[in-house]
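Chemist: Let me begin by handing over the structure; questions about it come next.
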Amino acid sequence: MWVILLQDIDKLGKKGEIKEVKDGFARNFLIPKKLAVLATPTEIRKIQRKKILEEERRKKEIEALKILGQKIKDLEIIIKEKATAEGKLYGSVNQERIVKILKEKGFNIPIEKINLKEPIKEIGDYELEINLLPELKIKIKLKIVPENS
């Protein structure tokens, strides 16, 4: 029996693929659990339309991220923090804080796109990498200064 997968299924295939499976597996497991539908001509056309729409949406998203990357590539963020005389911060600057500051500047970047291995705990200049896409990594300058200067 031929089915169209509605979700990725280990050892069977990815969402949208048309696969031949045993009748019992399709009728008793895949179809009742809404993991697949029968591969009728109508369903195949629906899936093809969805793929085209998804591809167009993805292209628009990539283009928007590239434009965003151009806008922020030379950005320098200055953060004032309370610090000791030795330059140690009383708190720390983490990804959430950076996302909040970027949002204040008009850039809506998800927290998972910011590559910060560990929170910043000292005064200084840092280079921060933002992974907008696997092939589009932007570096911005981050300057942590004492609050009293």
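Quick note: the coordinates plus some simple rules give every number you see, no bench work behind them. Everything numeric here is computed off the predicted structure, so don't read it as measured data.
Chemist: Going by amide H atoms built from the backbone, whose H comes under 5 Å of the H on A39, apart from near neighbours?
Modeler: The answer is W2, V3, I4.
Chemist: Still on this structure, please answer the following. Stretch E118-E55 to full length: gain in nm at 0.36 nm per residue minus the Cα-Cα span? Intermediate values should be presented prior to the final figure.
Modeler: Values: separation 63, 0.36 × 63 = 22.68 nm, distance 3.52 nm.
Additional length available on full extension: 19.2 nm.
Chemist: Which option, (i) 1.25; (ii) 0.94; (iii) 1.04, is the value of Rg/Rh (Cα atoms, Kirkwood Rh) that was calculated from these coordinates?
Modeler: Here the calculated entry is (i).
Chemist: Can you list the residues, at least 5 places off or on another chain, whose amide H is less than 5 Å from the amide H of Q7, using H built in the peptide plane?
Modeler: G16
Chemist: Spelling out what I want: for every residue of the range 29-40, take phi, set θ = phi - 60°, compute 6.51 cos²θ - 1.76 cosθ + 1.60 (Karplus), and round to whole Hz; glycine and proline get x.
Modeler: 10, 5, 6, x, 8, 6, 8, 7, 10, 4, 8, 8
Chemist: If amide hydrogens are placed 1.01 Å from N in the peptide plane, which non-local residues have theirs closer than 5 Å to the one on I77?
Modeler: K141, L142, K143
Chemist: Only bridges whose two residues both fall in the chain count here: according to DSSP, what percent of them are antiparallel, nearest 5?
Modeler: 80
Chemist: So what is the relative contact order for the chain, in percent, with contacts set as C-alpha pairs under 8 Å and at least six apart?
Modeler: Answer for the chain is 20 percent.
Chemist: I've got another one for you. Which whole-number percentage describes the relative contact order of the range 2-64, with Cα contacts under 8 Å and a sequence gap of 6 or more?
Modeler: Reported as a whole number, the value is 31 percent.
Chemist: With the cut-off at 20 Å, tell me which of the pairs K33/K59; K66/K117; K60/K137; K88/K113 have Cα atoms farther apart than that.
Modeler: Long pairs (Cα-Cα over 20 Å): K33/K59; K66/K117; K88/K113.
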